[in-house]
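First up is the structure itself, then whatever we jot down about it.
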């Protein structure tokens, strides 16, 4: 009888001989296997935790290594670092050789995974892998690429994702704790500069994007820099009263509103200039005539080629915020659930 087609074939468990050969480079570096926490059937080896004392304003950290060895595909070495508050950061290295993965991971200091901006600790996660197109030297010692970050800022949960969507964008999310509602203006982060896009409200969280450099290693450095600016700004803003936000960022709020109006303004200018085409005297075979004739489909194709689709909108005028707090009980619906800019009078 043939096996059922939907039945998954179980992976071959790690043998004692395989485990000894795999943990040898780890043992030489003082990393000892935790066989009780490992999963031989799941082909996953876990090593005993290592504690790092607090230093230079950074909290004490604990890191745990886990080596995953699928029967097909590349192996993964994951270093999970936690702090006393419960923040978790991971460094994931992927490649064919476990010894090389350990060298890649150890080349990245544990302190890099936890960065302190002022009084805010940020857990930053990275990935390491040899990417197609890297030089031979870069492929032998690949650099970590930032994947995500988490922090707790002024009672708000902050997260950044750098792996989803186009490479030129990093996604930011702000959420309040269960039972609470976050009331912030859409330009809370966009006052920082042209790279920060407005925040949008999605039921239980606020989402925005940050434009970043597309090519590594500049991309990771750019994200780390803009992440730090965002965290410092949020800590200062959310730590103060909403009523001071407008006066402090008045010029930046007007600049952000102008930036949001650019797509609609360009569209209106094109429509306004369309009647003037009839006054132009062009030869039947002129390139300008051909371009104008094909302008609509060209513009339509160009519109969808943007990595970030332009949003046609009339941005709200910047006004002073009237609420007393950034966070209110979730039971107070209605006005609290709407973007702040839309509720001001």
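The values are calculated or read from the model by the stated rules, or taken from the named source; none is laboratory data. It should be emphasised that the depicted structure is a prediction, and the values quoted were computed from it without experimental measurement. Methodologically, a virtual Cβ is constructed for each residue, glycine included, from the backbone with ideal geometry; neighbour enumeration extends over all protein chains shown.
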Selection count, region 208-235, where residues are in contact (Cβ under 8 Å) with a residue 12 or more places away in the chain and closer than 20 Å to residue 174 by Cα: 17
Return the only residue of 56, 6, 83 being over 25 Å from residue 129 (Cα atoms), buried (at least 18 other Cβ atoms within 10 Å of the Cβ) and either out of contact with any helix residue (DSSP H, G or I) (no Cβ under 7 Å at 6 or more places or on another chain) or modelled with pLDDT under 95 (or both). 83
All positions within region 25-46 that are touching a residue at least 24 places away in the same chain (Cβ under 8 Å) and at negative phi: 25, 26, 29, 31, 40, 41, 42, 44, 45
Matching option when the condition is outside any loop (DSSP other than H, G, I, E, B) and without any contact (Cβ under 8 Å) to a residue 12 or more places away in the chain, among 67, 20: 20
Test for residue 182: is it crowded, with 20+ Cβ neighbours inside 10 Å, under 18 Å from the mean Cα position of the chain (by Cα) and closer than 27 Å to residue 254 by Cα: no
On the basis of being more than 17 Å from residue 220 (Cα to Cα), at pLDDT 95 or above and crowded, with 18+ Cβ neighbours inside 10 Å, does residue 92 make the cut? no
Output the number of the condition that residue 51 fails; it satisfies all remaining conditions of (1) surrounded by fewer than 18 Cβ atoms within 10 Å (Cβ to Cβ); (2) assigned to a loop (DSSP other than H, G, I, E, B). (2)
Would you pick out the residues in region 155-167 that are within 15 Å of residue 206 (Cα to Cα) and touching a residue at least 40 places away in the same chain (Cβ under 8 Å)? 155, 156, 158, 160
Name the one entry in 184, 146 that is touching a strand residue (DSSP E or B) at 6+ places or on another chain (Cβ under 8 Å), part of a loop (DSSP other than H, G, I, E, B) and at pLDDT 95 or above. 184
Read through the list (1) modelled with pLDDT under 90; (2) in contact with a strand residue (DSSP E or B) (Cβ under 9 Å, 6 or more places away or on another chain); (3) assigned to a helix (DSSP H, G or I), then give the number of the only condition that residue 102 fails. (1)
Hits in region 219-256 - residues which are assigned to a helix (DSSP H, G or I), surrounded by 19 or more Cβ atoms within 10 Å (Cβ to Cβ) and in contact with a helix residue (DSSP H, G or I) (Cβ under 9 Å, 6 or more places away or on another chain): 226, 230, 237, 245, 253, 256
